[in-house]
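Down below is the structure, laid out as C-alpha cells.
Only the coordinates and a few stated rules stand behind these numbers; no lab work does. Please read all numbers here as calculations on a predicted model, not as lab measurements. Cβ atoms come from the backbone with ideal geometry, glycine included; neighbour counts cover every protein chain shown.
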Amino acid sequence: MLAARYSNDGKAVLDLSPVQREALASHLRGLAAGEFPTESRPCPVCDKVHGETLAEKDRYGIPFAVVICPDCGLIRTNPRMTQEAYASFYNSDYRALYSGQERPDDAYFRTIRPRAEIIRDFVGRNGLKIGPGSVVIEVGCGAGGILKIFQETGAHVVGCDLGDEFLAYGRTVGKMDLRRGFLRDLELVGQADLIIYSHVIEHVLDVHEELRTIRRFLKPGGGVYIEVPSVKNLWKPYQGDFLRILQNAHTYHFSLATLTNLLARGGFRLVAGDEATHSLFKIGEGGSIVNDYPAVMRHLKRAELTRHLFPFRKKELKKRLRRLLGRA
Ligand SMILES: [Zn+2]
C-alpha cells in the first residue's frame, strides 16, 4: 500500500518563498478554524464511491485526501472542499501559495510564450488551423499569455478567469478581451474554433457540467485543447516525486487514459494526446472506458522506488562537482 509512504510529516516537500510560507500559514489557520468544509463525491467516470487511499497531505503539507478508483484508475481528491470553500480559497491564499506571486510582472508574456508556442504547434499539427476569422477562448486564462499567440495569428480571442489582478494586466498590457467568470458567462462571444484549458480542468469540480457547456460553445469541427499534469509524467516536472504533483486545489490527478475516459463519458473523442499531457478532443463517440488502474499504480510504485535518487542526481552531484572543480 502506498498510503503510508505518501503521507509526509506535515512539512512542504517544496522550498517555499516567504510569500508562499505566509500564504500557507494563513490557509492552515483557516483550515483549523473550519473555514473550508469538505464533501465526498463518487468517481465521475464510473460513479463508484470507493477509492484506495494514496496520500493524506499535498506538496505544501496541507491535509488532503487522495484516492484512486480501482475500476478506472482515475485519481481524485476525496473528500474535497465544497464549491464555496474552493471559492474562498481562490480568493484568499491560492495565487500567493501556488505561484509565489500575487500579480504578474514585466516578464509575464515573455515567460509564458514557450508554453503558448507548444499549444499553437500542437493544435496546428493535429489539423486545427487557427487564423483570421477564427475564435479562440481560453478558460482560466490568467493574464492571457497563451491567448496572445493566437491573437497574433489574426484570430479573435476571449479569455475568462477569476483572478482580477491578472485579468486587468492582460487587458491593459496585452490589449485582450479578458472577462471575469466562467465559460458559461461568455454567451455573447459566439461559438469557438478552439477552447483551451491549460492546467485548469484538474481544478473543475463538476466536469460533466463543464463538458456540456464546452459542447454548446464549440463550432462544428472545433476542438478543445486540454493540458493537465500527468501522474505518468513525474520525472522531469516533479522530480520523480508523486507528492510534488499533489496540490490541494486539484480535484483530479489525470493520466492521458483517465482524462480520455472522462471526456468520452462527456461525448468527446481523443484526436491526439501525449503523456505530458497535451491533448486535443472533438465532439464524438469516445469509445469504451479503459481501466488504467494497473498502469497508474505501476508508475507510482516505480516513482516511489526512484524518487530518492533525484536529489542526489540534481543537487548533490552538482555540489560535489563544483567542489571537485574548486568553484565552491
Ligand atoms: Zn472510476
Relative to 2.2 N^0.38 Å, what does the C-alpha radius of gyration of the range 57-110 come to as a ratio? Two decimals please. 1.51
For K57, residues with placed amide H under 5 Å, excluding near neighbours: N8, F64
In Å, what Rg and Dmax follow from the Cα atoms of the range 108-283? 15.3, 44
Given 0.36 nm per residue, what is the gain on full extension from R21 to A107 after removing their alpha carbon distance, in nm? 28.7 nm
List the pair-distance distribution P(r) of the range 210-266, using every Cα-Cα distance, as the percent of pairs falling in each 5 Å bin from 0 up to the bin containing the longest distance, rounded to whole percents. 4, 16, 21, 22, 15, 10, 8, 4, 0
Does a label point 7 Å from the Cα of E117, set along Cα-to-beta-carbon, have any residues of the range 269-286 with amide nitrogen under 15 Å, and which are they? none
Sites E187 and K318 - FRET efficiency at Förster radius 56 Å, r taken between beta-carbons, to 0.05: 0.60
Cα-based Lys proximity count in the range 108-283, under 18 Å, for pairs eight or more positions apart or on separate chains: 5
Say R0 is 22 Å: what FRET efficiency, to the nearest 0.05, do R125 and Q151 get from their beta-carbon distance? 0.65
Segments 73-80, 26-33 sorted - mean Cβ within 10 Å per residue, highest first: 73-80, 26-33
So for the range 140-196, Kirkwood radius off the Cα pairs, Stokes-Einstein at 10 °C and 1.306 mPa s: how many µm² s⁻¹? 141 µm²/s
Tally Lys/Arg at +1 and Asp/Glu at -1 over every other residue whose Cβ is under 15 Å from the Cβ of I130; what's the total? +1
What does the chain give for Rg and for Dmax, in Å, if only its C-alpha atoms count? 20.2, 64
Amide H contacts under 5 Å for L218, restricted to residues at least 5 apart in sequence or on another chain and with H modeled in the peptide plane, are A192
